[in-house]
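The values are calculated or read from the model by the stated rules, or taken from the named source; none is laboratory data. Since we're looking at a predicted model, the values are computed, not measured. Neighbour counts run over all protein chains shown; Cβ positions are idealised from the backbone, glycine included. What goes into the accessible areas is simple: the full protein's heavy atoms, side chains included, and nothing from ligands, DNA or RNA. Shrake-Rupley method; radii C 1.70, N 1.55, O 1.52, S 1.80 Å.
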2 protein chains.
Amino acid sequence: MGTMQPSDMILVSVDDHLVEPPGLFDGRLPTRFRDRAPKVARTPDGSDVWEFNGTVIPNIGLNAVAGRPKEEYGVEPTAFDEMRPGCFDVHERVKDMNAAGVLGSMCFPSFPGFSGRLFAACDDKELALAVLRAYNDWHIEEWCGAYPGRFIPMALPVLWDPQLAADEVRRVAAMGCHSVTFTESPHNLGFASFHNPAWDPFWAALCDEGVVLSVHLGSSGSLAVTSPDAPVDVMITLQPMNITSAAADLLWSRVIKEFPSLRIALSEGGTGWIPYFLERLDHTYDTHRSWTGQDFGDQRPSDVFRQHFLTCFIEDPVGVQLRDRIGIDNIAWECDYPHSDTTWPEPAEALLREAAGVPDDELSKIAWENACRWYSFDPFAHRARERCTVGALRSEATGRDVAVRSFDHGRFERKVGLEIGNLQPTS
Amino acid sequence: MGTMQPSDMILVSVDDHLVEPPGLFDGRLPTRFRDRAPKVARTPDGSDVWEFNGTVIPNIGLNAVAGRPKEEYGVEPTAFDEMRPGCFDVHERVKDMNAAGVLGSMCFPSFPGFSGRLFAACDDKELALAVLRAYNDWHIEEWCGAYPGRFIPMALPVLWDPQLAADEVRRVAAMGCHSVTFTESPHNLGFASFHNPAWDPFWAALCDEGVVLSVHLGSSGSLAVTSPDAPVDVMITLQPMNITSAAADLLWSRVIKEFPSLRIALSEGGTGWIPYFLERLDHTYDTHRSWTGQDFGDQRPSDVFRQHFLTCFIEDPVGVQLRDRIGIDNIAWECDYPHSDTTWPEPAEALLREAAGVPDDELSKIAWENACRWYSFDPFAHRARERCTVGALRSEATGRDVAVRSFDHGRFERKVGLEIGNLQPTS
């Protein structure tokens, strides 16, 4: 039985988000590209936007609503001064992490899209590559580097060229980065599908360097819209399920068979659907393999899934109940700061509430051990372990204000679909 | 604890399939349409096909592989003499039901498509309506009528006209039919979406007459294809998940709120995904209702789901384990004869294997009680209850051959996607 108290826990989140601060690219691009770097501009209505290559990204803080009351969740912050500073300022972020007791965090990008497809959409591929590398350097050196042991570094992929993608994986791995974000469907974004051998150099680099492919929900480039007149709630309910397609696509692919050490994280993918999914995989294999030609040797698809896939949840009682069917070594925890689903500022309490009855050793695997193992992340190399618990971190943050407060702002935006809508060029 | 033996069980299946026999329309159409009735033809290569209105449906026995070894599941039967007669001959069907111990069965159509969209695609709407009514008459009078108390009647819908659809519901209800099959997405098929008030007369008729909307998996008109070069296993794994969209679409719609007695069955939809789905519904409601405007009064979406939706499974250990999270009054059993997923000829044994530990009263709800209540089906009005058990039915069938045997045939067809591909006109 679980005897863990919130203050005893250690928390490492495999899915948070950062909002890119102005000045990110300063001094990081070759001179000839300097004028064309992505930059922040303020519009006449007082919004802040990122601009790059003729595209304006209005929702700089896509769903960055941490610290706001739920009643305002339909309203996207449109300016830096409408956001909690922890969204874009790493020093403020670490204070928010301490206040909540979160030791480690992996932060996905905002304005480039979860898999950096804004850069991939740029026709000038030299510029695109320069910008992408500058972003990765900034993320690793400046964001993560400011607080060693507190952030799991993550790089953007070179979606448009598998060989350059492989090179970038090797380059960032040498900088200590063991995660690369990726799209649920390169095919939907106009690139070679997961089944195209063109990606082989990329898979090889990931395996050689021990880098995890972190596939974030909502990165497929397609929305789950049932009909134009459907309530938005339908899309909110279904959108996460696109990641099921990515999981099936990769599980049945030759990639898994030919690159046996490839590891994939289904970021923000939830866990409650996994047991049924595994059941379907095994059923499909048992019933149809004789004519589809699938062959996993001595294994079944559910075994193969557990070797290759990491899952995670924010809050998911069904997943916790069925953790044995998923695999206790395949479940990680995420905080999702600063998005609307986050359990911040009391993530330890939220996790313990739904994991009541989970033995301590299993809870530790979920809360931090699996994350550290998958992402080759060793926070204790930088900080004595007794200083890493929720209680220890919170005591360092005494007096910090984490109260929910209301903002005054004007525009309403539908929060779901903005990841897609973001990348439409303004006409 | 469960003490039930296979022979003590009663089994009523909410999802089986029939293959339409030649002669179905004989004498059932007005004289002026007689030459244009759908008819069976034999092609030069020895296949049987249905023909209607310029469309040829080659796979008359879509996935009708009952009685075959698994190695042949990729091969569709293409002629009546390649099929087990129970697929298309009701007298043989009842013998197969008796041999397996199945008391009751609801049979979905084959060549018209699960929701009859072949007829809806006919430009001559008078002809289409005449054919559809003839089909429904045949199904209710001839197929179900041959063995009262053994079949739950089901009608095809008038997809192209909500008022005519309502009229047809009232017409078949008067004949004792309490189920109408429907598509997962009328919008995808080119008709008004679930959210369009045009359907209101249809919803009203369903509620007035106590007729269940039976939405069969695979009836959305869209395939879950991740990319053209993906292995077929991906599609087999994902295809069932389209029904999740229909469930979300209807749950959040005004239809549920304005027609509170509407009942929907997610046919062949499985159950293992429902608990996570309910969790997402409630989470979406709790997090976003303040800006999306959803309002279920005192209830939560998961409660609303249980009032309106019947789920079912063939084999689904995850669903059985989580039956309390789904709702024990919302789970029915299906046999799926004669498709490849069927547990025929030993469905009672299969169900008991996965329901080990389920109390008898809960098992009975799943095995037949929920089906009878939802579909207003009373088999005991026609047959003494003690003659309705698996053991009693099997003893009537003593000596019947239910052995698996191999067929000799030539063509390979991908079984998944045929529901879609069927309706392409030949060029």
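The figures follow:
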quantity: Debye equation applied to the C-alpha atoms of the range A:3-87, log10 I(q)/I(0) at 0.12, 0.19 Å⁻¹; calculated: -0.51, -0.94
quantity: Computed [θ] at 222 nm, helices only, for the protein assembly as shown once each DSSP H run of length n ≥ 4 contributes -39500 (n - 2.57); calculated: -8500 deg cm²/dmol
quantity: Dimensions (Å) - the range B:65-108, Cα atoms, principal axes, largest first; calculated: 29, 19, 18
quantity: Violating pairs (Cα-Cα greater than 25 angstrom) within the set B:39/B:125; A:39/A:125; B:70/B:95; calculated: none
quantity: Top of B:302, B:395, B:219 by mean-square fluctuation, Gaussian network on chain B, Cα under 10 Å; calculated: B:395
quantity: Environment charge of residue A:286, counting only residues whose C-beta is closer than 9 Å and scoring Lys/Arg +1, Asp/Glu -1; calculated: +2
quantity: Cα convex hull of the range B:1-155, projected area averaged across orientations, nm²; calculated: 11.1
quantity: Between the range A:316-332 and the range B:251-281, the alpha-carbon center distance in angstrom; calculated: 25
quantity: Net charge of Cβ neighbours under 13 Å - reference residue B:170; Lys, Arg +1; Asp, Glu -1; calculated: -2
quantity: Distance histogram for chain A (every C-alpha pair counted, 10 angstrom bins, percent rounded to whole numbers); calculated: 4, 22, 33, 27, 11, 2, 0
quantity: Cα centroid separation - the range B:153-196 against the range B:1-72, whole Å; calculated: 20
quantity: Cα lying deepest toward the dipole's positive end in the protein assembly as shown, options A:363, B:313, A:90, charges on Cβ; calculated: A:90
quantity: The range B:295-395, accessible surface, carbon-and-sulfur percent (1.4 angstrom probe); calculated: 43
quantity: Computed Rg/Rh of the range A:280-322, alpha carbon atoms with Kirkwood Rh; calculated: 1.11
quantity: Shielding score for B:308-318, defined as the mean number of other chain Cβ atoms within 10 Å; calculated: 2
quantity: B:91, B:283, B:339, reordered so the largest accessible area comes first (probe 1.4 Å); calculated: B:91, B:283, B:339
quantity: Rounded to the nearest 20 debye, dipole of the range B:1-143 from Cβ charges on Lys, Arg, Asp, Glu; calculated: 280
quantity: Antiparallel bridges, percent of DSSP beta bridges restricted to the range B:1-132 (to nearest 5); calculated: 65
quantity: For residue A:360, label point 7 Å along C-beta direction: distances to other copies, nm; calculated: 4.5
quantity: Net charge over other residues, Cβ less than 12 angstrom from the Cβ of residue A:249 (K, R count +1; D, E count -1); calculated: -2
quantity: Dipole magnitude of the range A:271-341 about its Cα centre (Cβ charges: Lys, Arg +1; Asp, Glu -1), debye to nearest 20; calculated: 220
quantity: Accessible area that becomes buried as B packs against A, both chains, 1.4 Å probe, Å², nearest 100; calculated: 5100
quantity: Rounded accessible area of residue A:373 (nearest 10 Å², 1.4 Å probe); calculated: 120
quantity: Solution diffusion estimate, µm²/s, Stokes-Einstein, the range A:121-192, Kirkwood Rh from C-alpha pairs, 4 °C, viscosity 1.567 mPa s; calculated: 101
quantity: Within the accessible area of the range B:1-82 (1.4 Å probe), percent carbon and sulfur; calculated: 49
quantity: Area of residue B:35 that stays accessible when all protein chains are in place (1.4 Å probe, Å², to 10); calculated: 140
quantity: Selection of trypsin sites (Lys or Arg not before Pro), the range B:261-310, meeting DSSP coil and at most 10 other Cβ within 10 Å; calculated: none
quantity: Pseudo-label separations to other copies for residue A:8 - Cα-to-Cβ vector, 7 Å, nm; calculated: 4.6
quantity: Inter-chain shielding of B:282-290 (mean C-beta neighbours from other protein chains, 10 Å cut-off); calculated: 5
quantity: Reciprocal mean inverse distance between Cα atoms of the protein assembly as shown - Kirkwood radius, Å; calculated: 28.7
quantity: Accessible area (Å², 1.4 Å probe, nearest 10) - residue B:11; calculated: 0
quantity: Stokes-Einstein D in µm²/s, Kirkwood radius over Cα pairs - the range A:1-43 at 37 °C with 0.692 mPa s viscosity; calculated: 221
quantity: Share, in percent, of DSSP beta bridges within the protein assembly as shown that are antiparallel, nearest 5; calculated: 25
quantity: Residue-normalised accessible area of the range A:170-310, expressed per residue, 1.4 Å probe, Å²; calculated: 28
